[in-house]
Structure formats: C-alpha cells, structure tokens
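The values are calculated or read from the model by the stated rules, or taken from the named source; none is laboratory data. Because the structure is a prediction, the values reported are computed rather than measured. Quick reminder, even Gly has a Cβ in these numbers, built from the backbone with ideal geometry, and neighbours come from all protein chains shown. SASA here: full protein model, heavy atoms, side chains in, ligands and nucleic acids out. Shrake-Rupley method; radii C 1.70, N 1.55, O 1.52, S 1.80 Å.
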Amino acid sequence: MAPVQLPRSAVRLLLVATLLPTTLFGQGTRADYARADSFAARTRGLVVGIAEDPTWLEGGARFWYRTSVTGGNRFVLVDAATGQQSAPFDHDRLAAALAALRADTAVITAATLPFARFTYADSARAIEFVLRDSTWRCTLATYACARRAAVPRRATQSQAWSAGPGQLWRANEGDPVRSPDGKLEAVIRNYNVAIREAGKPALTYLSQDGSEGNLYTRASIAWSPDSRKLAVYRVIPGYRREVHYVQSSPEDQLQPKHTSILYAKPGDVLDKEQPVLFDIATKRQIDVADGLFPNAYELSELAWRPDGQRLTFEYNQRGHTAYRVIEVDANTGTARAVISEDPQTFFYYTDLNGGGRKFRYDVADGQEVIWSSERDGWNHLYLYDGRTGKVKNQITKGQWVVRGIDTGDVAKRQIWFRASGMNPGQDPYILHYYRINFDGSGLVALTEANGTHSVTYSPDLQYYVDRWSRVDQ
C-alpha cells in the first residue's frame with residue numbers, strides 16, 4: 001500500500017498532539033487537578049489567628065471558639081461579661097490521653113487534636129466530641145476517655161411538598177400521617193382521603209370524589225393543631241413532561257448513561273391544586289375556591305394557625321408576576337389575601353436568607369406579619385396588619401437593601417437583620433448587621449468596621465460576637 005501524503009497543516013497538528021499529555025480531563029491534566037486538590041494542605045497553617053464560628057454555652061454568658069495557631073489549632077473559652085479568656089480544657093493532657101488510645105501511628109499534639117467541635121457534659125465536668133464514627137467522652141478531672149456510642153446516620157429527609165413544575169407530589173406513597181393527639185391516622189386510598197384509629201386497619205373515607213385525574217395527595221396532608229380538622233391538596237395532574245440527561249463518561253462503565261426527571265417546560269399544562277378541608281367529627285368536606293390563586297406556578301405547603309381555625313399557604317403565579325399569602329377560614333372555606341405582591345415586572349420569590357428577596361414572619365398567630373418587598377425599588381421590610389391585609393408601616397427604608405433576617409423579639413418588638421449599602425464610602429456589597437423596632441424607629445448599627453461581617457448572637461441576645469474581613473484585610 002502506498003504511503004499517504006498528508007498536507008502540512010495536518011502534519012503540524014499531529015506534531016502538536018504528540019507533545020500534549022496523554023491524559024486530559026476537561027481543560028486540564030491529571031497533574032493540574034492533583035495540584036489543585038493539594039492546595040488546602042499546602043497552605044494549611046500559614047496564617048495564624050483566624051477565629052472560627054463561636055459556640056455559645058447554655059446561659060448565654062460564655063462561648064468558645066477555635067483559632068489557628070502555629071502548627072494547628074487551639075480552643076479558647078471566653079467570658080462575655082468580663083472578656084476574660086481561658087482554655088476550655090487542658091490541651092496537652094487531652095492530646096496525651098487520645099494518643100494513648102490511638103491504634104495507628106498518627107501523632108496527636110495539643111495543636112492537632114482530631115476534632116473541630118465539642119460539647120460540655122456532666123455539668124461541664126467532661127467534654128464530648130466525635131472521632132470518626134463514634135462519640136467520645138473525656139472527664140476533665142482525670143482525662144480518662146471512653147467511647148460512648150456510634151454516631152447515628154442522618155435519616156433521609158422526606159421530600160417536602162412542591163406543586164406544579166417539579167411534580168414531586170407524584171410520589172404519593174408513604175406512612176400514614178398521624179394526628180397531633182396521636183389518636184388518628186390519615187391515608188390516601190384509591191385517590192381519596194381516609195382516616196382510621198391509630199394502628200388499626202378499618203378505614204373511614206372522608207372524600208369520595210378522588211380519581212386518577214383528580215387525586216388527593218399524601219404529601220400535602222396537614223392536621224389542625226387540635227386534631228379536629230384536616231387539610232389536603234386535591235390535584236388535577238398537568239402534562240407529564242420528562243427532561244432527559246445523558247452522562248457521556250460515567251466513572252463505572254464505558255457506555256453512556258441515560259436518566260430523566262419530571263419537569264414542566266414553558267407552555268406545558270401545569271398541575272392544578274385546590275385546597276380541601278375536612279371536619280373529622282361531621283365528615284364535612286369544604287372545597288376552597290381558587291379565585292385568589294388561579295394559574296398557579298406553585299402553591300406552598302398548607303400551614304395551620306395555632307388556634308386551628310385558619311390555615312395559610314402562599315401562591316406563586318405562573319410567570320412570577322403575582323405572589324400572595326392566603327389565609328383560609330377553616331369553618332367556611334373562605335379565602336382572603338393577607339398579602340398580595342403584584343409587581344409590574346417580576347417577583348423574586350426565593351427565600352431571603354437563601355439569597356432571594358422573600359421573607360415572612362407571622363406575629364401573634366398572624367395578627368401581624370413582617371414581610372419583605374422591593375416595591376419602592378429597594379428590598380425592605382414592612383409590617384402588615386394580618387387581619388386587614390393593610391400595611392401598618394414600612395420598617396426599613398432608604399437607598400440600601402435588606403440582605404437577611406437573623407432573629408426577632410416579639411415582646412420588645414425588635415428585629416435583627418443584615419443589610420448592604422448603608423455605609424457611605426464603603427463597598428455597597430459589604431454586609432453589616434443592625435437592629436430596628438417594628439415601627440421603624442430605633443435603628444442601631446451593630447457593626448461599623450469597613451468589611452463584611454459575620455455576627456453570632458448569644459441565646460439571650462445580650463451579647464454578640466462580630467468577625468469581619470475584607471479582600472485586602
């Protein structure tokens with residue numbers, strides 16, 4: 001066979017290819033990724049005096065934190081009232097005690113204790129911490145250490161209610177939902193709602209109108225606090241849209257893998273949810289009219305007020321141009337909008353502390369509601385009259401934004417929050433902490449230094465620890 005004559009461009013391409021490493025991953029080589037993975041180990045210990053999150057002790061007057069030192073870390077105990085610092089335990093004695101228990105040859109020193117967190121036990125006469133998969137306790141008098149128990153694995157969290165585009169309600173199996181008084185259980189059978197005495201098989205059906213195309217959903221079942229009523233969503237399923245994924249290079253096989261999930265696309269028919277109430281004693285069924293929540297993109301879980309006479313849910317309109325907090329009278333099924341956001345553009349509905357703009361806090365069983373909104377062009381807090389749905393007053397205002405809520409004190413009618421852009425001359429993205437009264441008065445800046453802050457409050461809100469930094473400090 002005659003040799004093939006390649007053009008010059010192809011020859012150059014082959015020469016370049018032979019110079020490249022033979023194993024490529026994305027945009028880098030195996031060595032590139034190994035070097036990146038080793039960065040934390042290579043830089044560990046180069047900076048000292050870096051304080052980690054403080055942990056407040058019961059009573060609220062003391063806290064401990066871990067700080068970086070030459071060769072590792074140390075724990076520090078602080079009395080918040082006096083500012084006095086001490087060691088929460090003898091680091092050297094504890095290191096020696098743990099080293100004697102280790103079966104391997106790893107060296108344990110006062111600066112390399114093999115845990116990052118601990119708790120006091122036995123009235124602060126001992127400490128407990130987790131090593132690998134077990135909890136250990138060491139007495140502070142003798143530094144005798146013993147394994148207490150294996151650390152339980154985290155239970156798999158149940159999938160929360162989510163309507164509409166994710167169609168997570170379709171997983172309609174699960175354990176019965178027990179009433180708060182423990183006497184009854186609610187189940188879904190043949191698409192309908194039924195109850196029974198706890199632990200017994202005989203069922204009493206509360207609904208008769210459920211079907212495959214209009215079914216009740218176990219994931220949404222909500223008992224009233226007094227166990228006298230039950231609320232649940234009845235759903236007309238939307239289009240069952242499957243979105244497909246191909247994993248081209250799985251680690252455990254040579255061939256690609258295919259997976260799919262349920263997720264509606266723009267224009268698809270979405271699920272249509274309707275809240276339905278049931279009176280347990282009379283078996284009366286009340287359908288809640290959907291005049292205030294048509295064309296829903298998503299309805300939140302059904303949440304009862306503590307008095308058991310009302311329940312609430314939140315409505316996100318398809319297109320995100322309306323968002324409402326809706327309250328339903330549990331005796332009549334009458335719905336009203338406690339809060340209605342109807343922006344001209346788009347409502348950013350993600351939770352405020354999760355990076356979004358929405359925040360809701362019900363005061364005194366919903367008599368008042370603290371709500372966040374960008375209605376004046378900046379994200380701020382508003383105090384609503386929960387009975388009339390009217391704004392009582394704007395809590396925060398100005399050309400700056402509320403970035404998160406930390407806590408509130410209903411008795412003192414105060415709220416603690418984070419915000420950006422309030423300090424002239426500072427980067428508007430820097431995070432500061434504040435306190436303000438519900439009526440908008442008494443704004444107090446808890447942080448001042450030019451940097452992004454991280455504040456941890458004592459349980460009684462009498463003290464706080466402020467850590468801050470900046471890109472150049």
Worksheet, complete the sentence: Filtering the range 384-406 for residues that are closer than 23 Å to I430 by Cα, charged (D, E, K, R) and not in a loop (DSSP other than H, G, I, E, B) leaves a count of 2
Worksheet item: When the range 238-277 is examined, which residues are found to be among the acidic types (D, E) and surrounded by 12 or more Cβ atoms within 10 Å (Cβ to Cβ)?
Response: D268, D271, E273
Worksheet item: So, of the residues in the range 100-143 that are of a type in the set (A, V, I, L, M) and more than 22 Å from V76 (Cβ to Cβ), which turns out to be least open to solvent (accessible area, probe 1.4 Å)?
Response: A106
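Would you mind finding the one in I436, I430 that is hydrophobic (A, V, I, L, M, F, W, C), assigned to a strand (DSSP E or B) and farther than 15 Å from D460 by Cα? I'd like the intermediate steps shown before the answer.
Working: I430 fails: assigned to a strand (DSSP E or B).
The conditions single out I436.
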Worksheet item: Restricting the search to the range 345-360, which residues are closer than 24 Å to K412 by Cα and exposed (fewer than 15 other Cβ atoms within 10 Å of the Cβ)?
Response: N353
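Out of curiosity, is G408 surrounded by fewer than 21 Cβ atoms within 10 Å (Cβ to Cβ), in contact with a strand residue (DSSP E or B) (Cβ under 9 Å, 6 or more places away or on another chain), farther than 19 Å from D365 by Cα and of a type in the set (G, A, S)? Spell out how you get there, then give the answer.
Working: surrounded by fewer than 21 Cβ atoms within 10 Å (Cβ to Cβ): yes; in contact with a strand residue (DSSP E or B) (Cβ under 9 Å, 6 or more places away or on another chain): yes; farther than 19 Å from D365 by Cα: no; of a type in the set (G, A, S): yes.
Taking the combined requirement at face value, the residue does not satisfy it.
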Worksheet item: Name the pairs whose Cβ atoms lie under 8 Å apart, with the first residue in the range 377-390 and in contact (Cβ under 8 Å) with a residue 12 or more places away in the chain, the second part of a loop (DSSP other than H, G, I, E, B) and open to solvent by less than 10 Å² (accessible area, probe 1.4 Å), and 6 or more positions between them or separate chains?
Response: H380/I395; H380/T396; L381/I395; L381/T396; Y382/I395; L383/I395; L383/F438; G386/G366
Fill in: Among (1) open to solvent by 30 Å² or more (accessible area, probe 1.4 Å); (2) under 29 Å from G59 (Cβ atoms) - the single one V363 does not satisfy
(1)
Worksheet item: Looking at (1) open to solvent by 50 Å² or more (accessible area, probe 1.4 Å); (2) in contact with a Lys or Arg (Cβ under 9 Å, 6 or more places away or on another chain), can you tell me which one D90 breaks?
Response: (2)
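Of D329, D351, which residue is at pLDDT 90 or above and either of a type in the set (D, E, K, R) or on the phi > 0 side of the Ramachandran plot (or both)?
Only one candidate qualifies: D329.
Among the listed residues H320, H380, identify the single one that is modelled with pLDDT under 95 and either within 30 Å of G267 (Cα to Cα) or in contact with a Gly (Cβ under 9 Å, 6 or more places away or on another chain) (or both). Don't jump to the end; show me each part of the working.
Details: H380 fails: modelled with pLDDT under 95.
Result: H320 is the single residue among H320, H380 that is modelled with pLDDT under 95 and either within 30 Å of G267 (Cα to Cα) or in contact with a Gly (Cβ under 9 Å, 6 or more places away or on another chain) (or both).
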Item to complete: Please give the number of the condition W416 fails out of (1) at pLDDT below 95; (2) within 24 Å of Q462 (Cβ to Cβ); (3) not aliphatic (A, V, I, L, M).
Response: (1)
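Please go through the range 25-55 and give me each residue that is under 27 Å from Y464 (Cα atoms) and open to solvent by less than 40 Å² (accessible area, probe 1.4 Å), ordered by number. Full working, then the answer.
Step one: list which residues in the range 25-55 are under 27 Å from Y464 (Cα atoms), which gives 47-55.
Result: A51, P54, T55.
Considering every residue within the range 277-292, establish whether at least one is at pLDDT below 90 and either farther than 29 Å from T345 by Cβ or not in a helix (DSSP H, G or I) (or both). I'd like the intermediate steps shown before the answer.
To start, the set of residues in the range 277-292 that are at pLDDT below 90 comprises none.
No, that holds for no residue.
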